[in-house]
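What follows is a set of notes on a single structure, which appears directly below.
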Amino acid sequence: MNIILHPQFKLNGHQFKTADEVIFFTKLINDEAHQFLINWFDESPFLKVTTSGSTGHPKEIKLKKEYMMNSAKATGAYFNLAENTTALLCMSPKYIAGKMMLVRAMVLGWDLDIVEPESNPLVNNKKHYDFCAMVPLQMVASLNELHRIKILIIGGGTVSNSLKNKLQNLKTEVYATYGMTETITHIAIQKLNHQQTDFFECLPDIKVSKDVRNCLLIDAPKIADERVITNDIIELKNETTFKWLGRFDNVINSGGVKLFPEQIEMKLAEIIENRFFIASVPDELLGEKVILIIESSPFSDAVLQIIKDKIKSKLSTYEVPKLIYFTPHFIETGSKKIQRSKTLDLIWNRPKNY
């Protein structure tokens, strides 16, 4: 396949005339970017990528390079990011989010810098950028430096209400993204500050609907050959706007009340500093009862009582966790997403506190 390199494209301050020059340059600075570009510029019309595995086993899928370029153009059009946009790649090019930052830069003619995917990628870098993508962990660690980024998109996890509050006085425009490997990263954007909203707005040429489970259906002919069926429960506003409620496979039915773990987690993020997530176990009376998993050694009785009191003040009766489990480390994917089911498998034999 003939891939055209935009003449204005720059990588770490260097400009290139040919694809071979780019490939050789990345060999010197980033092995994952180097391997991706070898595959990107080969003759195949497809690129093989691996899904994150956060909701199941990772699997290898093939994406059309044409569709990846279409996705890049849609992002550029939505945010009005033309050639000579300055951008920072601080995520691993091993995964689709990092790959697509490179594709956007090469297709749209951006001036892109690659740095190591550290928790605070701005700490040793004093430059200003028009555009950047981060995971929530990086955004939290970079709060004092975010003023140097004009537009920031967040993927790889939900953004808590407490973190949203910290974004309101930043001049940086911050957006949550909705997407997955199968949709070539994001297909919809949610404004988190400067007139924030609870709803996602679709990128150009993308329409959404929902099935009988109230799960999101995505029609995106420029990035996917078939309708994408998801397990994400939504509130549908119109064919281009929706509110994400949670994962269908995570929904807890407790006493006939449907509970969304992700919604409970957003409420608890203001209380619990450690990483945590909400899950459930069978219960004879309720059917399922809510449990809380915290990444930590067990809290002292005094601290635990304070946490319990705060939890009860934040949640409804059905939402309050009936058990609290502790585990030293969560199981993660390579892109640092929590693997809930595998983490739960680890902890059932661990002591619980409540």
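Residue check: is T241 touching a residue at least 40 places away in the same chain (Cβ under 8 Å), of a type in the set (V, I, T) and in the same structural domain as K164 (by TED's automatic domain parsing)?
Here the answer is yes, as T241 does meet what is asked.
Residue-by-condition table, conditions (1) surrounded by fewer than 17 Cβ atoms within 10 Å (Cβ to Cβ); (2) in contact with a His (Cβ under 8 Å, 6 or more places away or on another chain); (3) among the hydrophobic types (A, V, I, L, M, F, W, C); (4) at pLDDT below 90:
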residue	(1), (2), (3), (4)
S297	yes, no, no, no
L323	yes, no, yes, no
F326	no, no, yes, no
F330	no, no, yes, no
I338	no, no, yes, yes
N349	yes, no, no, yes
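Kindly provide the set of residues from region 176-205 that are over 19 Å from the mean Cα position of the chain (by Cα) and either closer than 27 Å to K94 by Cα or in contact (Cβ under 8 Å) with a residue 60 or more places away in the chain (or both), ordered by number.
Listed by number, the residues that qualify are P204, D205.
Need at least 1 residues that are on the phi > 0 side of the Ramachandran plot per element, so show me which strands (runs of 3 or more DSSP E) inside region 214-257 make the cut, counting only ones lying wholly within it.
241-247
Anything in region 258-274 that is of a type in the set (S, T, N, Q) and in a loop (DSSP other than H, G, I, E, B)? List them, or say none.
Of everything in region 258-274, just one residue is of a type in the set (S, T, N, Q) and in a loop (DSSP other than H, G, I, E, B), namely N274.
Within region 162-169, identify whether any single residue is free of Cβ contacts under 8 Å to residues at least 24 places away in the same chain and in contact with a strand residue (DSSP E or B) (Cβ under 7 Å, 6 or more places away or on another chain), and answer yes or no.
No, region 162-169 has no match at all.
Would you kindly identify the helices (runs of 4 or more DSSP H) lying entirely within region 1-98 that contain at least 3 residues that are of a type in the set (S, T, N, Q) and either closer than 30 Å to E226 by Cβ or at pLDDT 95 or above (or both)?
Ranges flagged: 65-79.
Which one of these does Y178 not meet: (1) in a helix (DSSP H, G or I); (2) within 24 Å of K48 (Cα to Cα)?
Among (1) in a helix (DSSP H, G or I); (2) within 24 Å of K48 (Cα to Cα), the lone unmet condition for Y178 is (1).
Looking only at region 110-129, which residues are under 23 Å from the mean Cα position of the chain (by Cα), within 19 Å of F25 (Cβ to Cβ) and acidic (D, E)?
Hits for region 110-129 are D113, E116.
Can you tell me how many residues within region 275-287 are buried (at least 17 other Cβ atoms within 10 Å of the Cβ) and assigned to a strand (DSSP E or B)?
5
The values are calculated or read from the model by the stated rules, or taken from the named source; none is laboratory data. Worth saying up front: this structure is predicted, and the values here are computed from it rather than measured. Methodologically, a virtual Cβ is constructed for each residue, glycine included, from the backbone with ideal geometry; neighbour enumeration extends over all protein chains shown.
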